[in-house]
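Here, each number is a calculation from the coordinates, and none is a lab measurement. Values in this document were obtained by computation on a predicted structure and should not be read as measured data.
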Amino acid sequence: MVESAGRRFKRDGFDGSGIATLVADVGLTNGAFYGHFDSKDELIASVVEEQLAQQVARVAELPAGIESVDAFLLQYLSREHRDDLADGCPSAALLDEIARSSEVAREAYTQGALNMIGAITRHLDSGDRDDAAVAAIGLYTLLIGSLQLARAVTDPDLSDRILAAAYANAMTLAGITPRTPTTTEQDSK
């Protein structure tokens, strides 16, 4: 239920996803829903917690180093990720809705954001943990905002330019000299 609701929420938003639709997606009834959750707000908090935990785990599993940062940035700022709301970054898809959600959902997001910043900090830490944490916060916010903007504009060329500029700026923020992606990488963007 949580996994299916996560995809639905990212695609249609919290308000655009009623309980009847959410339970129908997994072949359950409204009664079954209330056997697992007290409210839709509780489901939202569970989805936020799970979605961010999965994202943190993917980042934390990457080997420390510049190559991992580069690979992550290329994937995150790709056309495929931009175009896949349902399976993409929960922050880029839901951040504005989380800000208007219940305290429990916002607390779940806060903890997930702290965990993500910690995972990114590990990859950027070259001896000064405080500087790495500041860069991690900047990188996290740059990625989310850039992906949101690239998804929002109707001009495909502008959207691609937003992703490319975000990649260059993210690499600079990470303390890595930006490189020009290979033709194969550009084709995947």
Quiz item: Percent relative contact order of the stretch 1-124, based on C-alpha pairs within less than 8 angstrom and at least six residues apart?
Solution: 38
Quiz item: If one takes the longest principal axis of the Cα atoms in the chain, at what angle in degrees, from 0 to 90 and to the nearest 10, does the Cα axis of helix 2-12 lie?
Solution: 70
Quiz item: Using only helices, what value at 222 nm comes out for the chain when you add -39,500 (n - 2.57) per DSSP H run of length 4 or more and divide by the total residues, to the nearest 500 deg cm²/dmol?
Solution: -24000 deg cm²/dmol
Quiz item: Against the longest principal axis of the chain, how steep is helix 40-61, in degrees 0 to 90 to the nearest 10, with axes from Cα atoms?
Solution: 30
Quiz item: Which whole-Hz ³J(HN,Hα) couplings does the stretch 69-74 yield from phi under the Karplus relation 6.51 cos²θ - 1.76 cosθ + 1.60, θ = phi - 60°, glycine and proline marked x?
Solution: 4, 4, 4, 5, 4, 4
Exercise. Treating the angle as unsigned and between 0 and 90°, give the value, to the nearest 10°, between the Cα long axis of helix 103-124 and the longest Cα principal axis of the chain.
Key: 20
Quiz item: Could you state the per residue volume, in Å³, of the convex hull enclosing the Cα atoms of the stretch 1-155?
Solution: 115
Quiz item: Roughly how compact is the stretch 12-70, stated as its Cα Rg over 2.2 N^0.38 Å to two decimals?
Solution: 1.58
Quiz prompt | Radius, Kirkwood style, for the stretch 41-81 when every pair of distinct Cα atoms is counted (Å) | solution = 11.7
Quiz item: Using the alpha-carbon centroid of each, what span in Å lies between the stretch 78-105 and the stretch 107-172?
Solution: 14
